[in-house]
Ligand code: URA
């Protein structure tokens, strides 16, 4: 494995040999020991950041990705406002899922390409930093991920685990909270697959001496109401100013509670949740977000006055065809239509329109009347609007009777196993 990965990074092993290895792993898997060795070699293919000179237990979060998943934008400043340093290295959106970097870069001037020295000084000064993967962090993963993308070998638990954990372990963290999404809009569409991935990630984290726990959360309908980079930033601003979006804040505060507990600033996850709610209510999370935007070069006037942001040229309502109750909202379809409108990319070099996206106005379980607005679309591409309207209309299923929605937070997972999670939050 060392020969292979080291040779691949140095350019001695060609792509076709690595593709053969990836395809073999895709079909035959790797056992836990092999996955741990694979992760270790990917981790040490680059720099492992040392944040030990910065006081406090440094904690990060990783989400396996979803539609409307903007949790990091609230979570990082909120947890930092509770006194736990959050060094976060995030990715871009690819395929139907969004990426934190694209959302942050929709704020004019915001720099996600800080050098590792700037990264260290930002976390030391304000307790939170959010950047993209640099060439120095796990370069073996950078190269291999691009190859996996074009060889159809992304969806494989040991390869995903090695890829995610090598980057997270390189950031300089002491502990990690995982948000493993399950459902139609997630990488892992069944709870069983999601639990297998979560368990592997958690075991790897703990094997490397980083306390790692996770939550299994629902991704059958989009999280919150906004899909699209700037629209999602605005939704987060609203939440941090106290206008709570229930499902989004339930996920943010639950993950946040675990991060604050792991960071040593709360006795339990519940206590951590209370602390997260407090910093939202007293405005400290919002102040930290503004400090983060300013520290990374963003134009604070736009986050303070989102109404000054440029508007999309074309705005269209999707109307409800008949009365009833929203039974299901196909998150995957929302992800793909979002891309069509310009909010995401199918190829890594596609250009994203920060204003484009979808605002959902009705969520699962709500009653609707024929002719009411289900969603609003924002785009510069007039030629796709009609198709987008039809697809979004069909993405809502409407029933005659209300049916119970699947639990938003399904389970808490740690090194001892999977525990049901029944603590619904009142926010
Ligand atoms: N995200 C990653 O960083 N790597 C994977 O393999 C899948 C998702």
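Among the residues that make up the range 185-202, is at least one of them buried (at least 24 other Cβ atoms within 10 Å of the Cβ) and under 13 Å from the mean Cα position of the chain (by Cα)?
Yes, the range 185-202 has at least one match.
Of the residues 78, 88, 42, which is in contact with a helix residue (DSSP H, G or I) (Cβ under 7 Å, 6 or more places away or on another chain), farther than 30 Å from residue 355 by Cβ and in the same structural domain as residue 230 (by TED's automatic domain parsing)?
Result of the check over 78, 88, 42: 42.
Check off (1) crowded, with 21+ Cβ neighbours inside 10 Å; (2) touching a helix residue (DSSP H, G or I) at 6+ places or on another chain (Cβ under 8 Å); (3) modelled with pLDDT of 95 or more for residue 326 and give me the number that stays unchecked.
Against the list (1) crowded, with 21+ Cβ neighbours inside 10 Å; (2) touching a helix residue (DSSP H, G or I) at 6+ places or on another chain (Cβ under 8 Å); (3) modelled with pLDDT of 95 or more, residue 326 comes up short only on (2).
Could you say which residue among 186, 146, 194, 140 is touching a helix residue (DSSP H, G or I) at 6+ places or on another chain (Cβ under 9 Å), more than 10 Å from the ligand (Cβ to nearest atom), part of a helix (DSSP H, G or I) and touching a residue at least 40 places away in the same chain (Cβ under 8 Å)?
It is 140.
Going by what's in this entry, would residue 216 be described as in a helix (DSSP H, G or I), at pLDDT 95 or above and within 16 Å of the chain's Cα centre (by Cα)?
no
Is there a residue in the range 319-332 that is more than 17 Å from residue 105 (Cβ to Cβ) and assigned to a helix (DSSP H, G or I)?
So far as the range 319-332 goes, yes, one or more of its residues are more than 17 Å from residue 105 (Cβ to Cβ) and assigned to a helix (DSSP H, G or I).
Considering 411, 407, 395, which residue is surrounded by 12 or more Cβ atoms within 10 Å (Cβ to Cβ), within 23 Å of the chain's Cα centre (by Cα) and under 18 Å from residue 334 (Cα atoms)?
395
In a helix (DSSP H, G or I), under 11 Å from the mean Cα position of the chain (by Cα) and more than 16 Å from the ligand (Cβ to nearest atom): does that describe residue 73?
yes
Show the residue pairs meeting these rules: Cβ distance below 6 Å; 6+ apart or different chains; first residue within the range 409-422 and within 18 Å of residue 253 (Cα to Cα); second residue in a loop (DSSP other than H, G, I, E, B).
What qualifies is 409/421; 411/421; 412/421.
The values are calculated or read from the model by the stated rules, or taken from the named source; none is laboratory data. Everything numeric in this text was worked out from a predicted model, so none of it was measured. Here Cβ is always computed from backbone atoms with ideal geometry, including for glycine, and neighbour counts include all displayed protein chains.
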